[in-house]
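The structure appears right after this line, and notes come after that.
Every number in this text was worked out from the coordinates using simple rules, so none of it is lab data. Because the structure is a prediction, the values reported are computed rather than measured. Glycine also receives a Cβ, built like all others from the backbone with ideal geometry; neighbour counts cover every protein chain displayed.
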Amino acid sequence: MHKVVTVKSKAMPLPMKDVDTDLIIPAQFLTSISKDGYGANLFRRMRDNDANFPMNRKEFDGATILVTDSNFGCGSSREHAVWALTGAGFKVVIAKSFSDIFYNNSAKNALLLVILPDKVVDQILEASKGADYEVTVNLETQTVTLPDGTEHKFEYDQFRKHCMLNGLDDIEYIRSHAADIQEFRTRQEQNRYMSTRGA
């Protein structure tokens, strides 16, 4: 998993509530057995039906921060929705709230989800319509900095923060403690040996 520390990018606005995982990646595109390839069909249904959908507009090319409304990622628990977002280049999603399962899936796949107050999200959604609104998200300081220099703090799970800052998925996190695990095993074996001798 790649590290996530600071992301600075133009913000792509998606002013929609209750965007479910089937809108993010429609079911008919869940054909791969790997994480690769899903980005090409991110928001496919909306992109095909609306020429002005943000992902169809050249001025939003290269955006790695998506800004949306509330309850983003609701619906089914498919992890493919996260793979589609990261496959399309997104590193951060800012919203008023997220589905719990989607939130957990994102943390395990280096997609940083940031919850900000409703008023702040509405401000970013409005200001970013012009496609020239650059936002900086710093996970280390847990801040979002807007173009005028205004900073907004956000909460984030400290375990997931550690993993994302160091580029660790769950398995890699366990492996990072290999020396401690081996030391524990050695002590256990020594204790069993001593107890056997005492018997």
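Here's the yes/no breakdown for (1) touching a helix residue (DSSP H, G or I) at 6+ places or on another chain (Cβ under 9 Å); (2) surrounded by 15 or more Cβ atoms within 10 Å (Cβ to Cβ); (3) closer than 20 Å to D61 by Cα:
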{"position": "S77", "(1), (2), (3)": "yes, no, no"}
{"position": "H80", "(1), (2), (3)": "yes, yes, no"}
{"position": "V92", "(1), (2), (3)": "no, yes, yes"}
{"position": "K96", "(1), (2), (3)": "yes, yes, no"}
{"position": "A110", "(1), (2), (3)": "yes, yes, no"}
{"position": "I115", "(1), (2), (3)": "yes, yes, no"}
{"position": "V120", "(1), (2), (3)": "no, yes, no"}
{"position": "Q123", "(1), (2), (3)": "no, yes, no"}
{"position": "E140", "(1), (2), (3)": "yes, no, no"}
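Step by step: first the residues of the stretch 79-105, then only those that are charged (D, E, K, R) and closer than 19 Å to M1 by Cβ, then the one that is farthest from the chain's Cα centre (by Cα). Which residue is that?
Selected residue: E79.
Taking strands (runs of 3 or more DSSP E) that do not extend beyond the stretch 5-120, which have at least 3 residues that are touching a residue at least 40 places away in the same chain (Cβ under 8 Å)? Step through it out loud before you land on a result.
Numbers: elements: 6-14, 65-68, 92-95, 112-115.
Per the criteria, 6-14, 65-68, 112-115.
Tell me whether the stretch 79-95 contains one or more residues that are β-branched (V, I, T) and farther than 26 Å from D132 by Cα.
No - not one qualifying residue is present in the stretch 79-95.
Has the stretch 31-50 got any residue that is within 27 Å of G167 (Cα to Cα) and under 12 Å from the mean Cα position of the chain (by Cα)?
Scanning the stretch 31-50 turns up no residue that is within 27 Å of G167 (Cα to Cα) and under 12 Å from the mean Cα position of the chain (by Cα).
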